[in-house]
1. Return yes or no: is residue 438 outside any loop (DSSP other than H, G, I, E, B), closer than 25 Å to residue 517 by Cβ and either among the aromatic types (Phe, Trp, Tyr) or not assigned by TED's automatic domain parsing to the domain that holds residue 472 (or both)?
2. Looking at the range 51-75, I want the residues that are acidic (Asp, Glu) and have a partner that is buried (at least 17 other Cβ atoms within 10 Å of the Cβ) and modelled with pLDDT of 75 or more with Cβ atoms under 7 Å, at least 6 apart or on another chain. Which pairs are those?
3. Can you find even one residue in the range 7-22 that is in the same structural domain as residue 65 (by TED's automatic domain parsing), surrounded by fewer than 21 Cβ atoms within 10 Å (Cβ to Cβ) and part of a helix (DSSP H, G or I)?
4. Tell me, which residue of the range 499-520 that is aliphatic (A, V, I, L, M) and buried (at least 17 other Cβ atoms within 10 Å of the Cβ) is farthest from the chain's Cα centre (by Cα)?
5. All but one of (1) buried (at least 22 other Cβ atoms within 10 Å of the Cβ); (2) within 24 Å of residue 326 (Cα to Cα) hold for residue 482, so report the exception by its number.
6. For the range 379-408, name all the residues that are in a helix (DSSP H, G or I), surrounded by fewer than 23 Cβ atoms within 10 Å (Cβ to Cβ) and charged (D, E, K, R).
7. In a strand (DSSP E or B), crowded, with 17+ Cβ neighbours inside 10 Å, touching a residue at least 40 places away in the same chain (Cβ under 8 Å) and of a type in the set (Val, Ile, Thr), is that true of residue 248?
8. Any residue in the range 217-243 that's farther than 13 Å from residue 207 by Cβ and part of a strand (DSSP E or B): show its pairings with residues that are of a type in the set (S, T, N, Q) and modelled with pLDDT under 90 at Cβ separation under 7 Å, as long as the two are six or more apart or on different chains.
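The values are calculated or read from the model by the stated rules, or taken from the named source; none is laboratory data. This one's a predicted model, so the numbers in the text were calculated from it and none came from an experiment. Cβ: placed from backbone, ideal geometry, glycine included. Neighbour counts: every protein chain shown.
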Amino acid sequence: MLYRFEDFELDTARFELRRGGELLPAEPQVLSLLLLLAENHDRLVGKDEIVEKIWDGRAISDSALSSRIKSARKLLGDDGRSQRLIRTVHGVGFRFATEPEIHSASPPEARASVAEPDAPEAPPPPPKLAGGKPSIAVLPFRLIGVAGDYAALAEALPHELIASLSRLRWLFVIARGSTFRFRTADPDVRQIGEILGAGYCLSGAVEITGKRLKVTVELAETRTGGVLWGEQYAGEVGDVHEFRERIVSAIVSELDVHIPLNEARRARALPATSLDAWSSYHLGLNHMFRFTGRDNEIAQGLFEQALVRDPDFTRAHAGLSFTRFQNAFLGYRSDTEAEVAGARASAEAAMASDPLDPFANLVMGRTHWIEKDLGGSYHWLDRAVSLNPNYAQAVYLRALTQTMSGRGAQGEQDVDLAIRLSPLDPLHYAMLSTRGLTHILRDNYDEATHWAERAVRAPGVHVHITVIAGAARKLAGDDAAAARWIEAALKRDPEISADGFFRSFPFDDPTQRAKIEAVLKSLGL
């Protein structure tokens, strides 16, 4: 689709903004924001909707949103005073202040034939791997300062990262022998992407000043050269081994979030008919983690589409199992038994395709859980963690399985680890709620309330999390607050009940189950 206004062209097919035929450089989030406003030019777009669509529901500051609006206006020659094209409705949202002409986008070849002779050409994309699997090159880190005995860190850290990232079976990791050829203070990530066929590049620096150690890392997309994520870690040289282990775990967990999000953003800009198996998978993953019935249905369709293109695609089978589990877990479909059977069939297909894929093991564990076999669930989730110790979602689900089996102390240790591993995880709300459950089991009701209410206010939360907050408040002796949470839960699902809660959370420790059942019944469920 092509949106024309003034002398601008906003091209959804090519994910470009042009002025007078000339390509304007734009950050992906800024361009996505402009597309969202242009597509909805006939109405106000609220702040919550912008955060949901552009940041996938993650918590962001008002300044981050203001910064993107300011950048979008700057691209259009607009500003906050005149608001010629982007109008602010204070405290509510934004509106596109003109009605664009809407055209079907012409094929790239046709547009190229009428482009100005001296128009700058976009750099060619890196070669695609078979199946479109995302790929990354981890470069040797730069060394800053007098390193002495710690000089090897600049190569040791990226070497360990290559090994750890290789456990993410959805990601193709370029071998050390190729990436370590690029020893430069200012790497040209576009060129590296072309030479190595890598879609992403991770670079960094190690700085040692006295006894202080600082590591800076940056993830870039080689197609555009844009930075997607960066972080800085600090520690003491005396704790170098523990520090190194912590950094590697943190970086792997961050990339496990940021690369799939970017893959989904790229896939959204493509026509559905042109999506390859991996693009369909990543876009499906993005919808799956929005935790609504409609998004779950869209995700299921995208995973099925990926399997049409590649019937042996392990992760698409696993994604299909995850969505069918959600159908049963949250009652999105009326035939719960059929959804449980479908979740198991897809999990078994994923395991048959690749028994060493951690996601395949995770969905097999969830299948046992929804079948009320917590022992079997723990086995598969523990295996997923063994295959990838940085897999925060598997660590969290192992924690919840232990908690439902009455092992609150072990569950507490696991869920704390999951939160540290992936503080921006799509399942963060569930991690917080599980932390609340561990405190309920240990009769720490004030702490349980603190964690459960943090969970309710996190993005993506479903109705059962609100019920847990109500139970925690009731056990803490605050009947009025408990009643408010239960009222909120009933508004979302008038059919919610204690029996329904235990279908989704099959506690098999009789003492703990009786405690929670009693409090839910006292709340009218």
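1. no
2. Partner pairs satisfying both residue conditions: 56/261; 56/286.
3. There is no residue in the range 7-22 that is in the same structural domain as residue 65 (by TED's automatic domain parsing), surrounded by fewer than 21 Cβ atoms within 10 Å (Cβ to Cβ) and part of a helix (DSSP H, G or I).
4. 519
5. Exception for residue 482: condition (2).
6. 382, 383
7. For residue 248, the condition - in a strand (DSSP E or B), crowded, with 17+ Cβ neighbours inside 10 Å, touching a residue at least 40 places away in the same chain (Cβ under 8 Å) and of a type in the set (Val, Ile, Thr) - is not met.
8. 221/262; 228/262
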